[in-house]
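In what follows, a structure is listed as structure tokens, so that the remarks can point back to it.
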2 protein chains.
Amino acid sequence: MDKQIYDRGSAMETTTLSQEIRQLHADICSALADPTRILILYSLAESPSSVNELVTHLETSQPTISRHLKILRERGLVSANRQGQMVTYSLTDVRIIDALDTLRAVLRDSLARRANLVNS
Amino acid sequence: MDKQIYDRGSAMETTTLSQEIRQLHADICSALADPTRILILYSLAESPSSVNELVTHLETSQPTISRHLKILRERGLVSANRQGQMVTYSLTDVRIIDALDTLRAVLRDSLARRANLVNS
DNA sequence: TGGATATATATGGATAAGCAGATATATGAT
DNA sequence: ATCATATATCTGCTTATCCATATATATCCA
């Protein structure tokens, strides 16, 4: 499955920055543009899980979780592994969490800066 | 200006992970969910620029650039500085570029992995 | 003040992305 | 084969996002 997504990028031979950024957006950044998907990534970073475990843990409907997992899977951010009836999902690359944690630090400092501006 | 955005987060005292992630998405990740905005951030990381310089450099209309700059400014990712008629924008926190570069590395490896799967 | 330049915003319309609810597929057990 | 469980997908519908065009504001200079 997902065979059609493999012949998209063609190994970026003569890639300008603009082209690479557009692919970064299309493949990864747009996948991070939803809070449920970010929560899924953090949850899978703690431990690989079945769909139902994510449904329970994130208190979100099963179709919604599956739809988000499909997006993350198509973009290579998570990997699926069927074991009997269950499908276990796991994070493909922990550096996604590194990047998100960096952004959380940016956010913390940004909020602190704003708070200082208010109190001055 | 932009006064209303300062009283949004209230210093996240009793913040659950879910709440923090939702704010991360609302403030930062959703701002990264557009290729033009990512290009603006990379451009400003190289050198602070006026709106018109960005318009020329990114070959995008002035209203579009201004609209994207407003979003980035409201979320604290860029800082504006008026000097006469011109407004010079600059990156607020270089770690955004660090995070984006990490995601680019993730993308590169993901594409390489897919290429290997195709050729096997 | 009036004009020129730089930047910001408002409006309308197209496209995309989200969810809920229903349904389909896949696997395992009896 | 039939049923139960787990997961995936489809169908409307609503909302959000983006752009182009037009217009407004801000600053400088004459």
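Listing for the model above:
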{"item": "Test: residue in segment A:93-107 that is within 14 Å of another protein chain (Cβ to nearest Cβ), over 30 Å from residue B:79 (Cβ atoms) and within 11 Å of DNA strand C (Cβ to nearest atom)", "result": "no"}
{"item": "Number of positions in segment A:44-103 that are among the hydroxyl-bearing types (Ser, Thr, Tyr) and in a helix (DSSP H, G or I)", "result": "4"}
{"item": "Residue satisfying all of: in segment B:61-87; more than 7 Å from DNA strand D (Cβ to nearest atom) and more than 15 Å from the chain's Cα centre (by Cα); nearest to the other protein chains (Cβ to nearest Cβ) among these", "result": "B:81"}
{"item": "Residue among A:87, A:78 that alone is more than 22 Å from residue B:25 (Cα to Cα) and surrounded by 13 or more Cβ atoms within 10 Å (Cβ to Cβ)", "result": "A:87"}
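Readers should treat all values here as calculations from the given coordinates under stated rules, not as data from a laboratory. Note that the structure is predicted; figures quoted are calculated from it, not measured. We place every Cβ from the backbone using ideal geometry, glycine too, and count neighbours over all the protein chains shown.
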